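**Student:** I'd like to ask some things about the structure below.
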Amino acid sequence: MEGPCWVPLRVLVLLLVVDLDPELAALRPLGAFFVLRTIGGTPGAPSPALPTLAQVYEKQGSDVYRNTLTFRVRKVAEALRAPEPRIAASIAHQGLAARLWSVALGCAVLYGRIPDLAPHRLHWDPDASAPDDLWLEGVESLPGDAVTVADVVLHGHLEPLAAALHAEYRPAVGLLWGNAGSALAGAARQLLERRPDVSARTRDLTAGLLAHPLLAGTLDGTTLRRRSCCLYYRLPGGGVCGDCCFTRAPRSSPRGASG
């Protein structure tokens, strides 16, 4: 966890705390990015041979994939016809970040608790289509405050994921943290749209998370437009995202720009 100097400014909101159910059923009406299936709680659970995210971040092989992260990036590159591997790495990164934030934010807001999403408990199928297919081993409850959510998602997942992708594909670090901030804001927008009755809790928790040193400055504080680009515009037929730092796609960009 980040040092004790980081304390989110807006964490004094009163949260309704509800026990986490084995299937995390409250997430289902929020859309596919929020749903988290559980091994033992959801019928049709996958084979344990699917790698855990801990194996992915540590670049360990599994019974199914020799290098899971490489497999996923190549799959994304082929599907989107990405001209550079780092573009596919960025898109793959944002997709997984969006799933992790959606689950954690949705649970924190609706239950007042989050499940333990430790990397060794989450199984991932890199061959699935979007949104990323995640399965959780058991539902163990943790507090739903901003500090705990940041510890679980930012430090438990997005730091090692960014390190692994940067080492292999060289997307800029600022780009990856921009992806993380954008994915969090996107999850919050979806939650606000589907559950306006919990808008205050959603906004307070999101604001607290965006104040974290790893995310601070990744988005404009007023508009929530990002200050970096995920490189989606460089895909064939790609344009700019709704929160892009560009208002329209640049005609050309040297390698390493916008990230």
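The values are calculated or read from the model by the stated rules, or taken from the named source; none is laboratory data. From a predicted model like this one, the values you see are computed outputs, not experimental measurements. Glycine also receives a Cβ, built like all others from the backbone with ideal geometry; neighbour counts cover every protein chain displayed.
**Student:** Just the residues that are touching a residue at least 60 places away in the same chain (Cβ under 8 Å), in contact with a Gly (Cβ under 9 Å, 6 or more places away or on another chain) and assigned to a helix (DSSP H, G or I), please, taken from segment 67-86.
**Tutor:** LEU80, ARG86
**Student:** Next up: Within segment 186-215, which residues are touching a helix residue (DSSP H, G or I) at 6+ places or on another chain (Cβ under 7 Å) and small (Gly, Ala, Ser)?
**Tutor:** If the condition is that a residue be touching a helix residue (DSSP H, G or I) at 6+ places or on another chain (Cβ under 7 Å) and small (Gly, Ala, Ser), then GLY186, ALA187, ALA188, SER199, GLY208 are the ones that fit.
**Student:** With the requirement that a residue be of a type in the set (Lys, Arg), surrounded by fewer than 16 Cβ atoms within 10 Å (Cβ to Cβ) and at pLDDT 65 or above, what does segment 228-259 give you? Before the answer, list the steps.
**Tutor:** Narrowing segment 228-259 to residues of a type in the set (Lys, Arg): 234, 248, 251, 255.
Then keep just the ones that are surrounded by fewer than 16 Cβ atoms within 10 Å (Cβ to Cβ); that gives 248, 251, 255.
Hits for segment 228-259 are ARG248, ARG251.
**Student:** Any residue in segment 207-221 that's more than 17 Å from VAL109 (Cβ to Cβ): show its pairings with residues that are of a type in the set (Phe, Trp, Tyr) and modelled with pLDDT of 95 or more at Cβ separation under 8 Å, as long as the two are six or more apart or on different chains.
**Tutor:** Here the result reads LEU214/TRP177; LEU215/TRP177; THR218/TRP177, each pair linking segment 207-221 to a residue that is of a type in the set (Phe, Trp, Tyr) and modelled with pLDDT of 95 or more.
**Student:** Shifting gears a bit: For GLU137, which of the numbered conditions (1) within 27 Å of TRP6 (Cβ to Cβ); (2) surrounded by fewer than 19 Cβ atoms within 10 Å (Cβ to Cβ) fails to hold?
**Tutor:** (1)
**Student:** Go through the residues of segment 143-156 one by one and say whether even a single one is free of Cβ contacts under 8 Å to residues at least 40 places away in the same chain, within 14 Å of the chain's Cα centre (by Cα) and buried (at least 16 other Cβ atoms within 10 Å of the Cβ).
**Tutor:** Yes, there is a match, as at least one residue in segment 143-156 is free of Cβ contacts under 8 Å to residues at least 40 places away in the same chain, within 14 Å of the chain's Cα centre (by Cα) and buried (at least 16 other Cβ atoms within 10 Å of the Cβ).
**Student:** Considering only residues that are assigned to a helix (DSSP H, G or I) and either at pLDDT below 95 or of a type in the set (Lys, Arg) (or both), which ones fall in segment 96-119?
**Tutor:** Of all residues in segment 96-119, those assigned to a helix (DSSP H, G or I) come to 96-110, 119.
Answer for segment 96-119, where residues must be assigned to a helix (DSSP H, G or I) and either at pLDDT below 95 or of a type in the set (Lys, Arg) (or both): just ARG99.
**Student:** Could I ask something else about it? Quick check on my filter: what residues within segment 163-176 are in contact (Cβ under 8 Å) with a residue 24 or more places away in the chain and touching a Gly at 6+ places or on another chain (Cβ under 9 Å)?
**Tutor:** ARG170, PRO171, ALA172, GLY174, LEU175, LEU176
**Student:** Across segment 160-181, which residue is surrounded by the most Cβ atoms within 10 Å (Cβ to Cβ) among those that are touching a Phe, Trp or Tyr at 6+ places or on another chain (Cβ under 9 Å) and more than 14 Å from THR218 (Cβ to Cβ)?
**Tutor:** Only one residue fits best here, namely LEU161.
**Student:** I'm told GLY138 meets every condition in (1) modelled with pLDDT under 95; (2) within 25 Å of CYS241 (Cα to Cα); (3) touching a helix residue (DSSP H, G or I) at 6+ places or on another chain (Cβ under 9 Å); (4) not β-branched (Val, Ile, Thr) except one. Can you identify the failing condition by its number?
**Tutor:** GLY138 satisfies all of (1) modelled with pLDDT under 95; (2) within 25 Å of CYS241 (Cα to Cα); (3) touching a helix residue (DSSP H, G or I) at 6+ places or on another chain (Cβ under 9 Å); (4) not β-branched (Val, Ile, Thr) except (2).
**Student:** A follow-up question, please. State which residue is farthest from ARG195 (Cα to Cα) when the search covers only segment 5-64 and only residues that are among the hydroxyl-bearing types (Ser, Thr, Tyr) and either at pLDDT below 65 or surrounded by fewer than 16 Cβ atoms within 10 Å (Cβ to Cβ) (or both).
**Tutor:** From segment 5-64, those among the hydroxyl-bearing types (Ser, Thr, Tyr) are 38, 42, 47, 52, 57, 62; that's our starting set.
Then drop every residue that is not either at pLDDT below 65 or surrounded by fewer than 16 Cβ atoms within 10 Å (Cβ to Cβ) (or both), which leaves 42, 47.
Numbers: THR42: 24, SER47: 34 Å.
Per the criteria, the residue is SER47.
**Student:** Keeping to segment 121-132, report how many residues are surrounded by fewer than 22 Cβ atoms within 10 Å (Cβ to Cβ) and closer than 29 Å to ARG201 by Cα. Write out each step before concluding.
**Tutor:** Pass one, segment 121-132, residues surrounded by fewer than 22 Cβ atoms within 10 Å (Cβ to Cβ): 121, 125, 127-132.
Checking the rest, the ones that are also closer than 29 Å to ARG201 by Cα come to 121, 130-132.
Matching residues across segment 121-132 total 4.
**Student:** Name the pairs: first residue in segment 130-142 and among the polar types (S, T, N, Q), second residue buried (at least 17 other Cβ atoms within 10 Å of the Cβ) and assigned to a strand (DSSP E or B), Cβ to Cβ under 9 Å, at least 6 apart or on different chains?
**Tutor:** Filtered contacts from segment 130-142: SER141/ARG113; SER141/ILE114; SER141/PRO115.
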